[in-house]
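This report concerns only the one structure given below.
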Amino acid sequence: MKIVFLMLLLVSLFLFPNEIHKSLAARPSVVSIGSILRFNSTTGGVSAVAIRAALEDINSDPTVLNGTTLQVDMRDTNCDDGFLGMVEALQFMETDAIAIIGPQCSTIAHIISYVANELQVPLMSFASDATLSSIQFPFFVRTMPSDLYEMAAVAAVVDYYQWKIVTAIYIDDDYGRNGIAALDDELTARRCKISYKVGFPSNAKRSDLLNLLVTVSNMESRVIILHTGAEPGLKLLALANGLNMMGNGYVWIATDWLSSYLDANSSVRAETINDMQGVLTVRPHIPKSKMKSNLMSKWNSLSKKYNHSDLRLSAYGFYVYDSVWAVARALDSFFDDGGRISFKNDSRLRDETGGSLHLEAMSVFDMGKKLLDKIRQANFTGASGQVQFNAQGELIHPAYDIISIIGNGVRTIGFWSNYTRLLSTVLPEDLYLKPPNTSLANQHLYDVIWPGETAQKPRGWVFPSNAKELIIGVPNRFSFKEFVTLDNATGKMTGYCIDVFTQALSLLPYPVTYRFRAFGTGTANPHYDQLIQKVVDNEFDAAIGDIAITMNRTQTLDFTQPFIESGLVILAPVKKHITNSWAFLQPFTLGMWCVTGLSFLVVGAVIWVLEHRINDDFRGSPRQQLITIVWFSFSTLFFAHRENTMSALGRGVLIIWLFVVLIIQSSYTASLTSILTVQQLDTSIRGLDDLKNSDYTIGFQVGSFAEEYMVKELNISRSRLKALGSPEEYAENLKLGPKKGGVMAIVDERPYVELFLSTNCKIAVAGSDFTSRGWGFVSISKGFPSASRPVHRNPNIVGEWGTAADP
């Protein structure tokens, strides 16, 4: 038997060398991995219980590691003190761990990621800092959604409720700063912005936090994003409630630190819950699964067993639980593929000064790259959902619950999924079964009870008490005050243009503080080019009023879209045609009457020539025949002729003549009707050509661009132009005419002309508009960087003013 066994063994080694090598590769009886947590934190406590729960399940299942026992060496780190935390983490790296669960702190994760790269130890971290990338740190494996997705969910909520500016409060460390940077990018993509952001250290005093909140309360935005840890976050909410910043008009959106705290703590004080009424928060979405149900059912006993009876299961617990399972499955595949656990020293890691870090004790995991590949190939359904990594090393299908805190509990008002990047009340796992629908029309959330116990959506902004005012120049007109002028009695700017401006501001979703400054004395119309130059010179932030958009002005300034159509037209006096008893002769001129009468006689004579030889009606004495010709001719005017035509040629001539008579009769009737029913007006000028070809004086409005237009574009001599300052001067100069010191015509913009004609009926527009302009409001001059603007500019309204091409 021994000989047969040896022969079979030799044959197997010869035929299947790789498989025999794998089977003979000894699996260790115990495999140790590490864990870096902050034990005195809520997340650290939940993670510690989750790790032990995963170890129990893995080691009790012989099919996972085939007899190998998995152990975890857990170490405490100080996240509040970055230096001590870094030293503690480096000391932990002296142990020969083949993988590490954690750390939970972004600051420590950044440091350890460098070390993990050198030692080739996979780092299964649930630090959400978006700047921790598998491209920079190949051995960094993020086992929960990145802050990129969380901030996309927060930005989607802001955009859904149509808030355009927010205030961001964050803890001033890598986690806080990088998270707010990600939020800023997401808001910018949705044409929103962070109008004010303020950070604070983790050890900030109560007085510092109070000052911070007072500053925030003076800002225009009432939408506040709170991106901190649980301890400082709860302290800020309590202080905000004491400052009445949790009442009507305010919106508070906390990141997932708040949902994790509420989920993990079995008993939250009533005062703490009262401080966060109406607050919105987000929570990583954990779909329903059998593994999730099993973990939840035994959590109470596990938390008591491991001295954390006051902690419940949160989203972090699910992700940490799955992280241990991912390492276990990867180790099983690693050992099956011939992997061995061995370390070697790196000659570069030497502590030359004899310090206490013992860098020479750090060893490089020989097959760390192979284990990392096995981890990244993970594909299983865990307690947190599908555990699978994409090409960027991130978990697939990140999603978040949108939660509203109301009463003594929380209410899920919807979900955000990276699959559609939209908000929905449909579970994300149900959306995965259909093609992604990214239409914004499909977004929906359930109703929310906002701070102050109101169901009405807050506006999201107020007029700030410390905002810098926009200085807006407004023309102080002397004439046509209906458009814009200064009311001397009240000191306020009034008019149609002011009404347009204030109505437009009322539609903005953010506040704008401004102050009008009158330009001009009010005794004469100001020159608008000078007003615009004030904007170019930064004396005014903007200018509003009846300002025409011209090509020269758009080269140095930005204009809004035209709010009224305008073009240059010609005003000229009109002559009224007076009707009298001889009005029936006016439809035709004297020449037309003569030609018409002669035509009647000629046609009568032609018919007589063609008919008198064969037709008795055209015979008789010469006198009778003459009477017949005249009678026949004029009786055709009324189609009352009684003489018959017998010749074919005569009938042909008669048919043509009757058609001509019909046209003459219809034209006469229409013209006479018009003369008798409509007042006839006529101007001495027919259009632009008459204006250019004459030598008479032309009027224009003081301050209007019409003067330069006629000189430069129409080549009209400036000596022919006369400035007019009021509608009364218009009427007087047109009445006098050019021969008596007046003007031949006036060139002005259509809105002024229509207002003038409403009270002057003896003047009319000659021809049609010969420019296509409009009135718009003027914003800052082009080409100026924001740093060069004057100090009174409000930095919180970037994008308020659009160019002429903007909607």
Quiz item: With +1 on each Lys and Arg Cβ and -1 on each Asp and Glu Cβ, how big is the dipole of the range 232-298 about its Cα centre, in debye rounded to the nearest 20?
Solution: 440 debye
Practice problem: Whole number in Å², please: accessible area per residue of the chain, 1.4 Å probe, ligands, DNA and RNA not counted. | Solution: 48 Å²
Quiz item: Which aspartates and glutamates have a Cα lying under 14 Å from the Cα of K292, excluding residues fewer than 8 positions away in the same chain?
Solution: D57, D322
Quiz item: Round to a whole number: what % of the accessible area of the chain belongs to carbon and sulfur, probe 1.4 Å?
Solution: 55 percent
Practice problem: Mind giving me the FRET efficiency for K534 and E453? R0 is 35 Å, r the Cβ-Cβ distance, nearest 0.05 is fine. | Solution: 0.10
Quiz item: Under the Cβ-under-4.7 Å rule, which cysteines of the chain stay unpaired?
Solution: C192, C497, C594, C761
Quiz item: What shape does the range 431-474 take by its C-alpha gyration tensor, where a ≥ b ≥ c are the square roots of the eigenvalues and a/c under 1.5 counts as rounded, a/b above b/c as prolate, and the rest as oblate?
Solution: oblate
Quiz item: Can you list the aspartates and glutamates whose alpha carbon sits under 15 Å from that of K235, skipping same-chain ones fewer than 8 residues off?
Solution: D208, E271, D275
Quiz prompt | Among the listed pairs K193/K468; K481/K739; K534/K722, those beyond 23 Å (Cα-Cα) | solution = K481/K739; K534/K722
Practice problem: Return the lysines within reach of K369: Cα separation strictly under 28 angstrom, same-chain partners fewer than 8 residues apart disregarded; answer none if there are no such residues. | Solution: K22, K344
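The values are calculated or read from the model by the stated rules, or taken from the named source; none is laboratory data. Model, not experiment: these values are computed from the prediction. Counting neighbours? That spans all protein chains shown, and the Cβs are built from the backbone with ideal geometry, glycine included. What goes into the accessible areas is simple: the full protein's heavy atoms, side chains included, and nothing from ligands, DNA or RNA. Shrake-Rupley method; radii C 1.70, N 1.55, O 1.52, S 1.80 Å.
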